[in-house]
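To start, the structure under review is shown below, and the notes come after it.
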Amino acid sequence: MICQSSPVGPLGADATDGGVTELVWGRSGNLTSGPLHVQVSTEIVAYFAGSQAGFQTLLAPQGSAFQQRFYAALCAIPYGQTRTYGELARELGVSPQAIGQACGANPIPILIPCHRVLAADGLGGYSGAGGIEAKVTLLRLEGAAGLLL
């Protein structure tokens with residue numbers, strides 16, 4: 001496990017030599033030792049403690065050219081801020097539905113912060129374990145709770 005106890009449950013990770021490929025809930029994943037494990041574990045614990053706003057862990061999500069651009073756009077959303085599906089859609093030249101589908105397929109939630117993407121009229125969805133409750137927990141942790149009222 002990279003984090004045995006977090007506000008959204010136990011977290012593990014899968015990785016290759018290139019970096020983290022997936023964040024998983026409730027199981028340890030294949031990343032169980034070594035420098036990458038130490039780094040991502042330390043950063044996740046610090047994030048949930050409120051003492052770290054960003055991640056330096058190497059990430060290696062699989063995906064198309066669009067998905068890679070999408071992941072970069074998510075990582076560019078500052079801690080504690082949000083964007084709408086429509087805003088990201090305009091930025092990337094795709095439909096809001098494509099953004100929603102890409103959020104749902106994000107293999108590394110939290111580290112690639114899809115929880116920072118909201119619907120124009122509400123929260124939208126969240127594919128991580130715990131669904132919307134986990135999304136709200138992450139947004140509150142980052143101080144974006146005022147957006148939820």
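The values are calculated or read from the model by the stated rules, or taken from the named source; none is laboratory data. Quick caveat, the model's predicted, so the values are computed rather than measured. Positions of Cβ are generated from backbone atoms using ideal geometry, with glycine treated the same way; all protein chains shown enter the neighbour counts.
Can you pull out the helices (runs of 4 or more DSSP H) entirely within the stretch 65-129 that have at least 1 residues that are over 13 Å from L139 (Cα atoms) and of a type in the set (D, E)?
In the stretch 65-129, 85-92 are the helices (runs of 4 or more DSSP H) which contain 1 or more residues that are over 13 Å from L139 (Cα atoms) and of a type in the set (D, E).
Report, by residue number, each residue of the stretch 47-61 that is of a type in the set (A, V, I, L, M, F, W, C) and in contact (Cβ under 8 Å) with a residue 24 or more places away in the chain.
Within the stretch 47-61, F48, A53, F55, L58, L59, A60 meet the criteria.
Looking at the stretch 1-22, which of the residues that are of a type in the set (D, E, K, R) and at pLDDT 95 or above is nearest to A134 (Cα to Cα)?
E22
Being more than 22 Å from T57 (Cα to Cα) and in contact with a Gly (Cβ under 9 Å, 6 or more places away or on another chain) narrows it down to one of G122, G93, G104, G130, so name that one.
G130
Return the residues of the stretch 49-58 that are surrounded by fewer than 19 Cβ atoms within 10 Å (Cβ to Cβ) and either among the aromatic types (F, W, Y) or outside any loop (DSSP other than H, G, I, E, B) (or both); say none if nothing qualifies.
A49
Table: residues versus (1) modelled with pLDDT under 95; (2) under 16 Å from the mean Cα position of the chain (by Cα); (3) farther than 23 Å from C103 by Cα.
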| site | (1), (2), (3) |
| --- | --- |
| V24 | yes, yes, no |
| V40 | no, yes, no |
| A46 | no, yes, yes |
| L58 | no, yes, no |
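Considering only the stretch 2-48, how many residues are of a type in the set (D, E) and in a loop (DSSP other than H, G, I, E, B)?
Of the residues in the stretch 2-48, 1 are of a type in the set (D, E) and in a loop (DSSP other than H, G, I, E, B).
Being modelled with pLDDT under 95, farther than 20 Å from C3 by Cα and touching a strand residue (DSSP E or B) at 6+ places or on another chain (Cβ under 8 Å): is that true of A120 here?
Taking the combined requirement at face value, the residue satisfies it.
Taking Q62 and the conditions (1) in a loop (DSSP other than H, G, I, E, B); (2) buried (at least 18 other Cβ atoms within 10 Å of the Cβ); (3) in contact with a strand residue (DSSP E or B) (Cβ under 8 Å, 6 or more places away or on another chain), which numbered condition does it fall short on, given that it satisfies the others?
Unmet condition: (2).
Got at least one residue in the stretch 25-46 being among the charged types (D, E, K, R), in contact (Cβ under 8 Å) with a residue 40 or more places away in the chain and touching a strand residue (DSSP E or B) at 6+ places or on another chain (Cβ under 6 Å)?
No, the conditions are met nowhere in the stretch 25-46.
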